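Worksheet: one structure, shown below.
The values are calculated or read from the model by the stated rules, or taken from the named source; none is laboratory data. These numbers come from a predicted model, not from an experiment. Glycine also receives a Cβ, built like all others from the backbone with ideal geometry; neighbour counts cover every protein chain displayed. These area figures cover heavy atoms from the full protein model, side chains too; ligands, DNA and RNA do not enter into them. Shrake-Rupley method; radii C 1.70, N 1.55, O 1.52, S 1.80 Å.
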Amino acid sequence: MARFITMLIRLCEQLAGVLFRMQQLLTGILPALLSPREMTELIRAHYDRSYRDVAAREPESWYKWTLESWETDVLAGHQMKTGTILVLGAGVGRESIALAQRGFSIVGLDINREGLHVAARQARDKHLLPLFAQADFQTLPIGPGRVDYVFMSGIMYSSIPGRPQRQAWLRSLRPCLKNQGLMALNFLIAREIDSRTHRLIHRLNRWITTLPGTNQSYQLGDTCSQQHFLHAFADEEEIRSELREAGARVHQLHWHEGYAVLSWPA
């Protein structure tokens, strides 16, 4: 009996390995098949599921209302001490509340209302006054010259499908910043892009994109794991050139920690 169970375990392990590689393959070719609009809809559905009943599902004591180390470094390194910060993808308010505690005026945007309810309640409990609004960060409802800084954490920049679309979004962001305004953004770094599986996926996707109706914005590093599109940047020059071509001035780019600080010419 023990020998039979051992054989079954080995068989299950082999099947799990095959299924995992198949899943990698299928999620890897989705970005070549789906349009940027369809991938954006998948991302929205992903976050709707993630935040559904969040207030009832997870105690607020589980959350940490603190800045990440790279965010603290950006504040100190660029002498950000006062002003209005636009927080994109505010979620349950981690960055917004931590920044408000430092004396900044905060406008926090997120497409999901349930996460913002948690953020607003936590802000009231701490006697803070950030403004939270439900909005899509790709269509910013912010007037010209209204904010001093923009924070975009959580590798959200990598969730915009397609290099041209990311660059167009960056250009659209410029008007809401005041002169000399700065933006800090997080991006995803490719860790396994040279694996055999990823090379196979890229070859398949290059062929797929020759077919009519496929995604002409596809590029190496695109993936759609768990129905969430992300672009992983292959090297520092890829992200640096993408930002420069969008008209941004790159003040700081920390490749290993995956963040950049930008401004735009007046």
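Computed quantities for the displayed model
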{"quantity": "Test: residue in region 228-235 that is out of contact with any strand residue (DSSP E or B) (no Cβ under 7 Å at 6 or more places or on another chain), in a helix (DSSP H, G or I) and exposed (fewer than 14 other Cβ atoms within 10 Å of the Cβ)", "calculated": "no"}
{"quantity": "Residue identified as among the basic types (Lys, Arg), open to solvent by 80 Å² or more (accessible area, probe 1.4 Å), closer than 13 Å to residue 29 by Cα and without any contact (Cβ under 8 Å) to a residue 12 or more places away in the chain among 244, 196, 203", "calculated": "203"}
{"quantity": "Residue match in region 109-120 (condition: of a type outside the set (A, V, I, L, M, F, W, C) and under 22 Å from residue 264 (Cβ atoms))", "calculated": "no"}
{"quantity": "Within region 211-225, considering residues that are in contact (Cβ under 8 Å) with a residue 12 or more places away in the chain and open to solvent by 30 Å² or more (accessible area, probe 1.4 Å), the one farthest from residue 235 (Cα to Cα)", "calculated": "225"}
{"quantity": "Any hit, region 92-102, residues being open to solvent by 20 Å² or more (accessible area, probe 1.4 Å) and closer than 26 Å to residue 239 by Cβ", "calculated": "yes"}
{"quantity": "Pairs where the first residue, in region 18-38, is farther than 13 Å from residue 217 by Cβ and part of a helix (DSSP H, G or I) and the second is open to solvent by 40 Å² or more (accessible area, probe 1.4 Å) and polar (S, T, N, Q), C-beta under 7 Å, 6+ apart", "calculated": "27/223; 27/225; 28/223"}
{"quantity": "Qualifying residue in region 6-24 (condition: at pLDDT 75 or above, closer than 19 Å to residue 157 by Cα and open to solvent by 50 Å² or more (accessible area, probe 1.4 Å))", "calculated": "no"}
{"quantity": "Matching residues in region 141-189 - criterion: being modelled with pLDDT of 90 or more, small (Gly, Ala, Ser) and either more than 21 Å from residue 98 (Cβ to Cβ) or surrounded by fewer than 16 Cβ atoms within 10 Å (Cβ to Cβ) (or both)", "calculated": "158, 159, 162, 168"}
{"quantity": "Subset of region 39-64 that is closer than 28 Å to residue 143 by Cα and either charged (D, E, K, R) or in contact with a Lys or Arg (Cβ under 8 Å, 6 or more places away or on another chain) (or both) - its residue that is modelled with the highest pLDDT", "calculated": "41"}
{"quantity": "Hits in region 112-136 (condition: touching a Phe, Trp or Tyr at 6+ places or on another chain (Cβ under 7 Å) and open to solvent by 40 Å² or more (accessible area, probe 1.4 Å))", "calculated": "114"}
{"quantity": "Given (1) modelled with pLDDT under 95; (2) under 29 Å from residue 75 (Cα atoms), number of the condition residue 253 does not satisfy", "calculated": "(1)"}
